[in-house]
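A short worksheet on the structure shown next.
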Amino acid sequence: VQENHVQASILDSVLVDANRLSKQVNKEDKDKLDEYMTSVRDVEKRLELRQRWTSHPKPKAPFEKPSNHNFVEDLPLLYELIALALQTDSTRIATLEIGGDFMPQNLGIKKDYHGLSHHGNDPESIASLIALEKYQIEHFGKFVTRLSKMNDGERTLLDSTAVIFGSGMGDANSHKNSDLPIILAGGDYKHGEFREVPREGINKVPLCNLFVDIAQKMGVETDSFGSSTGRFA
Amino acid sequence: MRVALFFSVASLATAAGDNPKLVQQFLGKYCMECHDADVQKGDRSFEGFTLPLHSTESLIEARDIIDQLTLKEMPPKKADQPKDDERLAMIRALRDGSATAFRKIQSTGSRTVMRRLSSREYENSLATLFGRRVDTLGLTADFPKEKTSEHMDTIGKTLVTSGFLVDQYFQAANRLIETRLGKPATEPKNWHFDSHFVQYEELEGSHKSAFNFRYLNIYEQPNSDTRQGGYAHIQDFLKGVPVSGLYDVEVEAQAMHRDTHYDPKIFGIDFSEPFILGLVPGDITKGHIHYPQPIEPILATTTLPDDKPAVKKFRVWLEAGQTLRFIFPNGPYESRAAVVTINQRYKDEFKGEIGRSGVGRAHILREGKLPHIRISDIKINGPVPEEGGSAEEIAVFGKGGFQVDHALDQLNAFAEKAYRRPLADADRQPIRAIYEKRIAEKATPRQAALDALKLILCSPSFLYLSEITEESAKALRPYDLASRLSFALWATPPDEALLASAKSGEITEDAELRKQVERMIADERISGFVNGFLDSWLNLRDLGSQPPPRETSLSYYAEDLPSSMKSEVRMFFRDLLKNNGSVAQFIDCEHTFVDKKLAKLYNLPEQKTLRLADGFQKVSLKGNKQRGGLLGMAGVLTVSANGVETTPVTRGVWVSENILGIAPPPPPDVVPAIDADVSGATTIRERLAKHRADNACAECHRKIDPLGFSLETFDPIGRWRITYPRPNGNKSAAPKNAKAPEPTKEKGKENEKGKSEAKPAAPKKEQPPAPKIDSSGEFPSGETYTDFASFKKVISTTREDLFTRHLIRQFLTYTTGRHMELADDYVIDQLQEKVKQQGLGLKTLMVECLMSEVFRSR
């Protein structure tokens, strides 16, 4: 708390400093100082949030702190942790990256993940890849089901949470980053269909359009994100 | 004198007044057939192109034409070719035209945007200001990953600031100041450990039964995959030391069974080398004590004797709350698997009763020859008192430490160092204000001073290199030049000598600047530049981000090859710089630097004579057709592949961008990707040939692919090869209804897992032969080569100027913190000419660049 107080005083002071500096610098540098000042104001907001969090009643953990095993075995536990954090409103955002430390050997598959993703159309590698991706999808499915069984006021937690699952590559073998496989669940969308959108030409719909959609649904006033060309719908 | 010379050279050539006519005639004769307003082949129309040049677009066009004519890529081979003197006259005319136009548009752009310190510069600055290493604190561990621009991490425009980062700046300053200056002096304490060495839970059973926790054993190197004893911690010292400080450590340890009769392949390491013991910090609040942790600098290393235990002494720096952990950097890879394999292959050697699951670790420890490090006794004493106060106290407050009566003077003196310039009243005022505010809030004077230090470290004057001049002026002022020079060459704030030179103003004079540059290049701290620049220019930073499969590249992991690969490039660069060797040696060279690991990877005769302890040695490559120059270095060959397979396209683009400085356009959306295929039906060359049959594809690939074909004789981690991997003969389709497998539980399944790993692979039926690699190629300009060596010859003889110009461009980009623009081309050309005349020395190149207008301007 003392720390927050000192930090607040410092932020006040450096803001004055930056303002003064901003009057001296050359024109190409003004934007940079603006960026700094905006950041300082942003920290002031963070301090407020931090303050609020200290007085916020914390939920009791329903189980003992688990120890790490490996990403494969821990995957269900991580999903459970996210579900609980969302349920108790300890956070409203969560991301989970299944990356290089997902060791297929823990599923009894001998090759490593990165090597398998460059499968070179080798049927054996593709079979392994299918097996390990199936494992990932199954646990994603369990997570979504779990959210649909939790209450959030009048509706289910799934209704109030947009869940997106996917990969940054359409085909890792040729390193193609178009035609991305994406699943969207919850978030009060109309579900149950496979949507294919134009991928070329002036009507093409980049994935970023979906992000704009989600942001707007969450109450963020924005009409663009990254390479978006509009909304998804 | 020099500057004057530099400008007059340019105006010499523009004597010819009929250049506009010459250009029109040349275009009409050789280009317009395809590049008129109607056809516009390659989206190029030269209909309105004429001298004098007026716009930036026309300058770009001129540069394009020059490039194409220089490389003889245009006009296309089947069309009428200009005679050599025609071609050269055209190039000359265009260069002159560009130079004239350049001067007209010179006044716009080409300025460095005020840039903040990058994370590494920030950490270096704190280490300098506080007089001691700060990497043990991991201050920037949670900072957002720095954004780079074309691999450069010094570009003002790209180094963005966010609320998250500014918050981190405060947290880092707070932690640094409180841990290093905020704790009261503590009397030294003694700790002694010689029993109850409980380790990783999976080792508990075997260690209890084999020696009742009497020893602390390390079985494997820290980066093994399936962890089992890679980090040895002290169970009764988990909370670590009470305060940051220097601690004396005495360890009694021994190398066990380095002469083991078990097959060395089981362990994947070099048993001719003595075992190395390393010390790293650990923190139970920062993660699993047996796993790698985010803050893990190596504190000390030593080699261990084999015959009997030896007592080794170290003095190490530990932060409050850190405990010690021991590692075995050259230890076996994956001890868990090794135990399983020993059980399978050597079971019969054991006398004692063998349980149902076979010979376990305890059994092997009692009777067998499992290689490991055994620690039997540890003494820790500290913090060791430092004479005259801690290094931080003196660095921050000066001799004698903090003094209440001079608090503000001391704070101002610190701020002057942090801001890298003299203070104005407006700088002193907020420092005084926060100090007095904190006193009024009943803080002690020392605490108030510490809080004022935090303010200084969050100030934009510390975090940014603010280069302020009159709007119309371009030349950097003395202090700004000193800072730019210092961060460029050392990645640290300027030292006293530089600041003195700035104070007197002399630094802006040629002779003095040259003197400072020479001094700084000769200093050890130049490694700050060499490492930062190579990470930026060649993207060595990304080395290790594309892991190769373990089954084909075990040494990459077991011997930590990426770090040796990086060292080779750095040593080579530093050596060239020291001797002012020609930059042409980056393309081809008859020596390089290798340690024992790289000597093995490169199959050099030195693999038999070098010892690991020798580190890196300069070795001759005379007559070696596989190595020599950057493109023969494993670091470059690895970072230009994806870890799993190579393609001439990816490596070709890499060479084009990073060696020749030509960025090929990105592939158009509509072109199908080239799919990797291991079936053996086609080689990558055949698939590419098909791809190039399409004219639109060929347009770019005829330029890219020849730059990559010769490198196909290197596998994804830079090993020489003459065939591609044998294709997988198995043609059966992937099973459709694969059920998601259950995870194999780690605990207690040691044996089961091992069995599946060690099972001999089923013999493949009718193995197809491994395809031979064809490493020949032809440039669009007609030169041909047959292999890597003759490829380098082509580059050396025909593209050396392109390379030098690119190196100059990259050097200026890195050191100024902005990308070079068209308006800089003129100066770059001049620099290249100048460096060439003086023999292409790397040091010459750097000095000339740092003396240039571009570097010295805002």
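The values are calculated or read from the model by the stated rules, or taken from the named source; none is laboratory data. What you see is a predicted model, and the numbers here were worked out from it, not measured in a lab. Ideal geometry is used to build each Cβ from the backbone, glycine not excepted, and the neighbour counts take in all protein chains shown.
Every residue in the stretch B:456-479 that is touching a residue at least 60 places away in the same chain (Cβ under 8 Å) and of a type outside the set (Val, Ile, Thr), please.
Let us first name the residues in the stretch B:456-479 that are touching a residue at least 60 places away in the same chain (Cβ under 8 Å), namely B:457-458, B:462-467, B:469, B:473-476.
Hits for the stretch B:456-479 are B:Leu457, B:Cys458, B:Phe462, B:Leu463, B:Tyr464, B:Leu465, B:Ser466, B:Glu467, B:Ala473, B:Lys474, B:Ala475, B:Leu476.
With respect to A:Val144, is the statement that it is away from every other protein chain (no Cβ under 14 Å) and not in a loop (DSSP other than H, G, I, E, B) true? Talk me through it step by step, then tell me what you get.
Values: away from every other protein chain (no Cβ under 14 Å): yes; not in a loop (DSSP other than H, G, I, E, B): yes.
Yes: the conditions hold for A:Val144.
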Restricted to the stretch A:126-162, and to residues that are hydroxyl-bearing (Ser, Thr, Tyr) and more than 23 Å from A:Gly187 (Cβ to Cβ), which residue is nearest to the chain's Cα centre (by Cα)?
-> A:Tyr135
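Among the listed residues A:Gly192, A:Gly168, identify the single one that is surrounded by fewer than 11 Cβ atoms within 10 Å (Cβ to Cβ), over 19 Å from A:Ile98 (Cβ atoms), more than 14 Å from chain B (Cβ to nearest Cβ) and without any contact (Cβ under 8 Å) to a residue 40 or more places away in the chain. First the steps, then the outcome.
Details: A:Gly168 fails: over 19 Å from A:Ile98 (Cβ atoms).
Within the list A:Gly192, A:Gly168, the selection yields A:Gly192.
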Within the stretch B:51-81, which residues are over 20 Å from B:Leu802 (Cβ atoms), at pLDDT 80 or above and surrounded by 15 or more Cβ atoms within 10 Å (Cβ to Cβ)?
-> B:Leu51, B:Leu53, B:Ser58
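Looking at the stretch A:112-123 only, could you name the residues that are assigned to a helix (DSSP H, G or I), at the interface with chain B (Cβ under 7 Å from one of its Cβ atoms) and surrounded by fewer than 21 Cβ atoms within 10 Å (Cβ to Cβ)? Steps first, answer last, please.
Residues of the stretch A:112-123 assigned to a helix (DSSP H, G or I): A:113-117, A:123.
Those still in the list that are at the interface with chain B (Cβ under 7 Å from one of its Cβ atoms) too: A:114-115, A:123.
A:His114, A:Pro123 - these are the residues of the stretch A:112-123 that are assigned to a helix (DSSP H, G or I), at the interface with chain B (Cβ under 7 Å from one of its Cβ atoms) and surrounded by fewer than 21 Cβ atoms within 10 Å (Cβ to Cβ).
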Failed condition for B:Gly355, given (1) free of Cβ contacts under 8 Å to residues at least 40 places away in the same chain; (2) crowded, with 16+ Cβ neighbours inside 10 Å, with all others met?
-> (2)
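Listed here are the residues, each with its yes/no results for (1) at the interface with chain B (Cβ under 7 Å from one of its Cβ atoms); (2) more than 14 Å from B:Lys454 (Cβ to Cβ); (3) crowded, with 16+ Cβ neighbours inside 10 Å.
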residue	(1), (2), (3)
A:Ile10	yes, no, yes
A:Val14	yes, no, yes
A:Ser22	no, yes, yes
A:Val25	yes, yes, yes
A:Asp29	yes, yes, yes
A:Tyr36	yes, yes, yes
A:Arg41	no, yes, no
A:Leu49	no, yes, no
A:Arg52	no, yes, no
Return the only residue of B:Tyr231, B:Tyr219, B:Tyr169 being among the hydroxyl-bearing types (Ser, Thr, Tyr) and touching a Lys or Arg at 6+ places or on another chain (Cβ under 8 Å).
-> B:Tyr231
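If you check B:Arg421 against the conditions, is it part of a helix (DSSP H, G or I), farther than 30 Å from B:Phe350 by Cβ and not aliphatic (A, V, I, L, M)? Even if it seems obvious, please write down each step before you answer.
Working: part of a helix (DSSP H, G or I): no; farther than 30 Å from B:Phe350 by Cβ: yes; not aliphatic (A, V, I, L, M): yes.
No; evaluated as a whole, the condition is false for this residue.
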Identify all residues within the stretch B:421-447 that are crowded, with 20+ Cβ neighbours inside 10 Å and more than 10 Å from chain A (Cβ to nearest Cβ); write none if there are none.
-> B:Arg421, B:Tyr435
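Give the residues of the stretch B:801-858 that are among the β-branched types (Val, Ile, Thr) and within 16 Å of B:Leu534 (Cα to Cα), sorted by residue number. Before the answer, list the steps.
Taking the stretch B:801-858 as the starting set, the residues that turn out to be among the β-branched types (Val, Ile, Thr) are B:804, B:808, B:813, B:815-816, B:827-828, B:835, B:844, B:847, B:854.
Once the filter is applied, which keeps residues that are among the β-branched types (Val, Ile, Thr) and within 16 Å of B:Leu534 (Cα to Cα), the stretch B:801-858 yields B:Thr804, B:Ile808, B:Thr813, B:Thr815, B:Thr816.
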Pairs, please: C-beta under 8 Å, at least 6 apart or cross-chain, first residue within 13 Å of B:Glu319 (Cβ to Cβ) and in the stretch B:171-196, second of a type in the set (Val, Ile, Thr) and in a loop (DSSP other than H, G, I, E, B)?
-> B:Leu176/B:Val134; B:Lys183/B:Val243
Within the set of pairs 6+ apart or on separate chains, which have a first residue in the stretch B:288-315 that is within 14 Å of chain A (Cβ to nearest Cβ) and more than 11 Å from B:Ala255 (Cα to Cα), a second that is of a type outside the set (Ser, Thr, Tyr) and not in a loop (DSSP other than H, G, I, E, B), and C-beta atoms under 6 Å apart?
-> B:Ile289/B:His233; B:Ile289/B:Gly282; B:Gln293/B:Lys286
Can you name the residue in the stretch A:195-233 that is more than 19 Å from the chain's Cα centre (by Cα), under 24 Å from A:Thr161 (Cβ atoms) and among the β-branched types (Val, Ile, Thr) and is also surrounded by the fewest Cβ atoms within 10 Å (Cβ to Cβ) among such residues?
-> A:Val197
State which residue is farthest from the other protein chains (Cβ to nearest Cβ) when the search covers only the stretch B:517-562 and only residues that are free of Cβ contacts under 8 Å to residues at least 60 places away in the same chain and charged (D, E, K, R).
-> B:Glu524
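Quick one: which of A:Ile137, A:Ile126, A:Ile109, A:Ile82 is in a helix (DSSP H, G or I), crowded, with 16+ Cβ neighbours inside 10 Å and within 11 Å of chain B (Cβ to nearest Cβ)?
Values: A:Ile137 fails: crowded, with 16+ Cβ neighbours inside 10 Å; A:Ile109 fails: in a helix (DSSP H, G or I); A:Ile82 fails: within 11 Å of chain B (Cβ to nearest Cβ).
Within the list A:Ile137, A:Ile126, A:Ile109, A:Ile82, the selection yields A:Ile126.
Residue by residue through the stretch B:413-455, note down the ones that are charged (D, E, K, R) and in contact (Cβ under 8 Å) with a residue 24 or more places away in the chain. Lay out the reasoning, then the answer.
The first filter runs over the stretch B:413-455 and keeps only residues charged (D, E, K, R), leaving B:416-417, B:420-421, B:425, B:427-428, B:432, B:436-438, B:441-442, B:446, B:451, B:454.
The answer is B:Lys417, B:Arg420, B:Arg421, B:Asp427, B:Arg432, B:Arg446, B:Lys454.
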Quick count over the stretch B:544-572, residues being over 27 Å from B:Pro264 (Cβ atoms), in a loop (DSSP other than H, G, I, E, B) and in contact with a Gly (Cβ under 8 Å, 6 or more places away or on another chain), is 1
Go through (1) loosely packed, with under 15 Cβ neighbours inside 10 Å; (2) within 25 Å of A:Asn106 (Cα to Cα) and name the single condition B:Gly268 misses.
-> (1)
Being buried (at least 18 other Cβ atoms within 10 Å of the Cβ) and among the hydrophobic types (A, V, I, L, M, F, W, C) is the filter here, so list the residues in the stretch B:544-571 that pass it.
-> B:Ala558, B:Leu561, B:Met565, B:Val569, B:Met571
Among residues belonging to the stretch B:512-543 that are of a type in the set (S, T, N, Q) and not in a loop (DSSP other than H, G, I, E, B), point out the one that is surrounded by the fewest Cβ atoms within 10 Å (Cβ to Cβ).
-> B:Ser527
Starting from residues that are touching a helix residue (DSSP H, G or I) at 6+ places or on another chain (Cβ under 7 Å) and part of a helix (DSSP H, G or I), keep the ones in the stretch B:464-484 and report whichever is farthest from B:Thr161 (Cα to Cα).
-> B:Pro478
Conditions (1) at pLDDT 95 or above; (2) surrounded by fewer than 22 Cβ atoms within 10 Å (Cβ to Cβ); (3) hydroxyl-bearing (Ser, Thr, Tyr); number of the one not met by B:Thr804 | (2)
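Residues that are in a helix (DSSP H, G or I), touching a Lys or Arg at 6+ places or on another chain (Cβ under 9 Å) and not β-branched (Val, Ile, Thr): does the stretch B:779-786 have at least one?
Kept after step one, since they are in a helix (DSSP H, G or I), are these residues of the stretch B:779-786: none.
Within the stretch B:779-786, not a single residue is in a helix (DSSP H, G or I), touching a Lys or Arg at 6+ places or on another chain (Cβ under 9 Å) and not β-branched (Val, Ile, Thr).
So in the stretch A:59-79, with the set limited to residues that are within 29 Å of A:Ile214 (Cα to Cα) and out of contact with any Asp or Glu (no Cβ under 8 Å at 6 or more places or on another chain), which one is surrounded by the fewest Cβ atoms within 10 Å (Cβ to Cβ)?
Of the residues in the stretch A:59-79, the ones within 29 Å of A:Ile214 (Cα to Cα) are A:59, A:71, A:74-79.
Filter once more, so that each one left must be out of contact with any Asp or Glu (no Cβ under 8 Å at 6 or more places or on another chain): A:59, A:74-79.
Numbers: A:Pro59: 12, A:Asp74: 18, A:Leu75: 22, A:Pro76: 15, A:Leu77: 14, A:Leu78: 16, A:Tyr79: 19.
The residue in question is A:Pro59.
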